[in-house]
Amino acid sequence: MDEELFGSPSLYALSFQELEELMKDESRYRSRQVWGHLYSKMDLPEEMTDLPLSLRARLKVLLPPALAEVARVDSDAGETTKWSWELRDGARIETVLMRYRDRATVCVSTQAGCAMGCPFCATGQGGFKRNLLCEEILEQVARAWRDLRPERLTNVVFMGMGEPLANYSRVVESIRRLRDDFHLSPRRQSISTVGIVPGILRLATEGLPVTLAVSLHAANDELRNRLVPMNKRYPLASVINACERWVEETGRRLTFEWAMIDGVNDRPQDASELATLAKPLGAHVNCISLNPTPGFGLSPSPPRAIKIFCEKLRSLGVNVTVRSTRGAGGHAACGQLSV
Ligand code: SF4
């Protein structure tokens, strides 16, 4: 339980033992019943209809939701849903659910705003407000899962608003609680980072087989300093070093994210530089066309440039995927999250 911000817990704050303690004056089986509603059925208290009305009312007061829906936008013919939520202190965040034929992935925010200042990103353009609590991260997963019922959520990506490794302990606690309480294996969880070196090194020692996605976007310091300002603090060589340690320690897959910007990082020499970094690490490259944001003047690479760039990478022995953009119509795509 993480009470320092609000002084009282919200819906997904408590461990089972803490829930039992909170409900100690109820019959013993009630806490097990409430736990099942929260973590198997993803119910809100008003939906726990096999509980007495008085207990439902009590739960609403003792464990209020951390998230209040401000807006919901469906796009991609209903396959993508973006929520804007207001937190208990008025801060706002967003969550995106993407439904595919064989899986469903939720992209969660880990901070309200972001301090990393990547110039192409709507979240970065809006500045930093605060770190999210573990219960606020978990409730995003539960609320998206609730929307999917009776289907199951299969994957969680920590790639929404914020830099996950800048909120390290809450993110790691969230990974563990998703594993233990929601039964979502860390193998189905991905953490993105701009390259916070101490965070990568520490995460490598946690024994959590997550996928690490490094938002590289440039393969030399001069360009990366402009696209990812955190590169001035943790230059490329130190990030690549940490990636080597990650692969050695965990044996887990590493991906490099590459937002393709017309004439900036989509040239043949960019592909060659990227291959030099990616190939020795066995890193998989995800290319994604830049999503336009109001505060950034540059344009996405045209489809032909993306095709040539990827062919060049493949010819140099690098595995590459062109990621389809989800949610651009609802301003839910990568780098477009802002509230
Ligand atoms: S791209 Fe990620 S790390 Fe960079 S400003 Fe946006 S949310 Fe923050």
For region 143-157, what does the Karplus curve 6.51 cos²θ - 1.76 cosθ + 1.60, with θ = phi - 60°, yield as ³J(HN,Hα) per residue in whole Hz, taken in order and with x for Gly and Pro?
5, 5, 4, 4, 5, 7, 3, x, 5, 9, 6, 10, 9, 10, 10
For S215, distant residues with modelled amide H under 5 Å away
T193, V194, G195, E257
Lysine pairs in the chain with Cα atoms under 28 Å, if 8 or more residues apart or on separate chains:
11
List the equivalent ellipsoid semi-axes of region 22-91 in whole Å, largest first, each obtained as the square root of 5λ for an eigenvalue λ of the Cα gyration tensor.
29, 15, 9
Span per principal axis, largest first, for the Cα atoms of region 187-279 (Å):
40, 24, 20
For region 59-194, just the Cα atoms, rotate onto the principal axes and tell me the three extents in Å, largest first.
38, 38, 30
Compactness summary of region 16-62: radius of gyration and Dmax from Cα atoms, Å, are 9.6, 24
Separation of alpha-carbon centers, region 234-281 and region 78-99, rounded to whole Å:
30 Å
For Cα pairs less than 8 Å apart in space and 6+ apart in sequence, what is the mean separation divided by the residue count of region 68-330, i.e. the relative contact order in percent?
15 percent
Hull shadow area, averaged, region 68-330 [alpha-carbon convex hull, nm²]
13.2 nm²
Proxy reagent accessibility, fewest Cβ within 10 Å first, across E86, E257, E47, E94:
E47, E86, E257, E94
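Just so you know, all these numbers are worked out from the coordinates, no wet-lab data involved. Please read all numbers here as calculations on a predicted model, not as lab measurements. Reconstructed Cβ throughout: ideal geometry from the backbone, glycine too, with neighbour counts over all protein chains shown.
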